[in-house]
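Nothing in this text is a laboratory measurement; each read-out follows from the coordinates by a stated rule. Computed from a predicted model, the values in this text were never measured in an experiment. Cβ: placed from backbone, ideal geometry, glycine included. Neighbour counts: every protein chain shown.
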Amino acid sequence: HKVDIDYNKVISQPLPKLFSDIAKAAVDVKGDKDKIDTITSLLSEKIQYMGDWRAIKGRFIPRELNEIASTGVGDCKDFTAAAVAILRSIGYKADPVLVLRGQYKKSLNILPGINNFNHVIAKVTASDGNVYWIDPTNITSMAGNIFSDIAEKAALVLNIKKQIYEFIPAIDFKHS
């Protein structure tokens, strides 16, 4: 329960100018997929990915939003926190999600940790109820599809009201 509280503290911070500019650019874009793709694309243009598996305060949590924006680098925790904060600022229901990314077998993992979960993505729910599983660190923005490295994986959704285990859907072969 502490992990979702720590993530929410970061995500709830005021948006730095860099991130509020991204939110403003996405507001006028038509369609949920295009709005989400605009956010993840602009975030990827402004922040460089740099993997960092060190714990902050003994936990796998993102850095402060201002620190992410000012340094111009971030790992999956940072990218997801920024994306979720931006998405929430324009009215989306969005939560960070812990997942075991890669070509591993499906499993229902129990506790957050680098051995059970090695990646953080976002679950975004639009006003029409459509759900999008977003990996803000991926080099391609693809809100309408699932990437193979997270498809059919157990996911721990870090919702502040209730953490939820669910499975990310399979890839739709018609849209892969």
Along the Cα→Cβ direction, 7 angstrom out, place labels at Asn145 and Asn66. What is the inter-label distance in nm?
4.0 nm
Out of these labelled values of Rg/Rh (Cα atoms, Kirkwood Rh), (1) 0.93; (2) 1.17; (3) 1.25, which was calculated from the coordinates shown here?
(1)
In deg cm²/dmol and to the nearest 500, what is the mean residue ellipticity at 222 nm of the chain if only DSSP H runs of at least 4 residues count, each as -39500 (n - 2.57), divided by the residue total?
-10000 deg cm²/dmol
Most fluctuating residue given options Val84, Val97, Val27, as computed from a GNM of the chain linking Cα atoms under 10 Å
Val27
Under 19 Å Cα to Cα from Lys161, which aspartates and glutamates show up? Leave out anything in the same chain fewer than 8 places away.
Asp4, Asp6, Asp95
Excluding residues fewer than 8 places away in the same chain, name every one of the aspartates and glutamates whose C-alpha is closer than 19 Å to that of Lys24.
Asp32, Asp34, Asp37, Glu45
